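Some notes on the structure that comes next.
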């Protein structure tokens, strides 16, 4: 009888072991399957990281509550020891090993540095504070001119000022409106970010560029083998103040910085370029204050590494010197301010809007009042009022004449520019992982005074001071893997004096204002961090003789 009991006991123990092993396997399968499914949904953009974390935390809390409810209260004097499955014990052991291993490695590394084991200072601390990144773009660009474009009518004021007058510029003083053009172009940017201390970062970015052109970092191929210009595109200090929840409530930056303003009209490719070209860097100082209206979450879907709350307000102010002269007190400046709202919804939709005001100081032309009014008799203020860079479209005024006092020698802007700009985006996530983004952008130059402009320009000038754009994007918010894609289309209408033509889009109508037209395009991922882009821009002038062009851009992009 005793032998039978012993055999039954052994059999029971074996069954318990088998049951425990089966329980471990099934629980591990269920847990791993669920966890992998949630991670994949986050990767595909169906769920945000916040929603996924909340699902996992809720599941753990429900499991703990149900387990507690299944345990009866022990009777008086009774002591119960909870059963811990073996696989749980294994996980605890593994976790302890991992934590101990990290501590031991850290201690050994510190001891190695202190005692200088092997190569002295083989792993200096400063290496971990630097981050290197960059991107390279190869572009084929075709510019097609309309057959009925006017010839030798639209002046290239930038070329005239650079040459020293209309006579010296000759035919180069006119824009190309008739000859088709094909160019291969390249853009290389290399950035280094350094963490100085908690919250403080220094950044430097080098880029191929043409120094006189602030809105393009393209290098056109075909220089008879000459080397490319590689210049400092950004150099700045930045401070981020973060609260206990990880929300960045204050950002301060100074130096040569990235565009600090929110621009609407579609975010897949950097947003609207109606007021600011995406290649433009700002020189000056800026501060952004943010106020959270709700719980914090990581803005994983954004293009930058910032953090945001699902409901937040923001305000930005900045001061930017444009041109400084030792001989004049009328230095050129741009002052800006912007307030906006960032609002996220539970279904992962997002709405963002902002209103801004940009005030340009001392950028208006100062005609030479001397007799004769030649450029070699200019005062320092007259010379400073000559723009360092222009594209096309803004109303111009003659500052001075050539040495014969007959033909214009230098030009300047006839209008003041005080621009009100309103932008908005609505991101619809119901098609996730594909997103539908509806964007709008509007700007008006409230600094335009018709009487003053007419006096400077010497001819009546209509009030052409409105600009607007509407845009639709659909597809993956970010294309960085094979097979990912997005497409977009927009219509833009930018009147002559609506915005500062030096800083607006350098591709639309080949740069500048007084232009209207369509843009269609898309991006397609070829492999990780490699994607192709195609754009077709079809534009025409708003006022003036016929000047239309179509531009086809085909890009191969990489980031590293």
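Things to note:
- A single member of 329, 299 is modelled with pLDDT under 95 and buried (at least 16 other Cβ atoms within 10 Å of the Cβ), and it is 299.
- Scan of region 152-161 for residues that are out of contact with any helix residue (DSSP H, G or I) (no Cβ under 7 Å at 6 or more places or on another chain) and in contact (Cβ under 8 Å) with a residue 40 or more places away in the chain, ordered by number: 153, 154, 157, 158, 161
- When residues of region 302-326 are limited to those that are at pLDDT below 95 and part of a strand (DSSP E or B), the one surrounded by the fewest Cβ atoms within 10 Å (Cβ to Cβ): 311
- Qualifying residue in region 174-192 (condition: modelled with pLDDT of 95 or more, under 30 Å from residue 258 (Cβ atoms) and assigned to a loop (DSSP other than H, G, I, E, B)): no
- Breaking point among (1) modelled with pLDDT under 95; (2) closer than 22 Å to residue 238 by Cα, for residue 338: (1)
- Answer residue from region 372-381, given it is touching a strand residue (DSSP E or B) at 6+ places or on another chain (Cβ under 6 Å) and without any contact (Cβ under 8 Å) to a residue 60 or more places away in the chain and is nearest to residue 458 (Cα to Cα) among those: 373
- Test: residue in region 455-466 that is touching a residue at least 12 places away in the same chain (Cβ under 8 Å), under 15 Å from residue 275 (Cα atoms), in the same structural domain as residue 262 (by TED's automatic domain parsing) and in contact with a strand residue (DSSP E or B) (Cβ under 6 Å, 6 or more places away or on another chain): yes
- Scanning region 430-445 for residues that are under 18 Å from residue 466 (Cβ atoms) and either surrounded by fewer than 17 Cβ atoms within 10 Å (Cβ to Cβ) or touching a helix residue (DSSP H, G or I) at 6+ places or on another chain (Cβ under 7 Å) (or both) yields no hits at all.
- Test result for residue 369, touching a strand residue (DSSP E or B) at 6+ places or on another chain (Cβ under 7 Å) and surrounded by fewer than 18 Cβ atoms within 10 Å (Cβ to Cβ): no
- Checking the stated criteria, residue 202 turns out to be touching a strand residue (DSSP E or B) at 6+ places or on another chain (Cβ under 7 Å) and at pLDDT 95 or above.
- Which listed residue is touching a residue at least 12 places away in the same chain (Cβ under 8 Å), out of contact with any helix residue (DSSP H, G or I) (no Cβ under 9 Å at 6 or more places or on another chain) and over 26 Å from residue 271 (Cα atoms), from 418, 405, 368: 405
- Annotation: of all residues in region 478-493 being surrounded by 21 or more Cβ atoms within 10 Å (Cβ to Cβ) and under 12 Å from residue 525 (Cα atoms), the one that is nearest to the chain's Cα centre (by Cα) is 479.
The values are calculated or read from the model by the stated rules, or taken from the named source; none is laboratory data. Note that this is a predicted model, so its numbers are computed, not measured. Methodologically, a virtual Cβ is constructed for each residue, glycine included, from the backbone with ideal geometry; neighbour enumeration extends over all protein chains shown.
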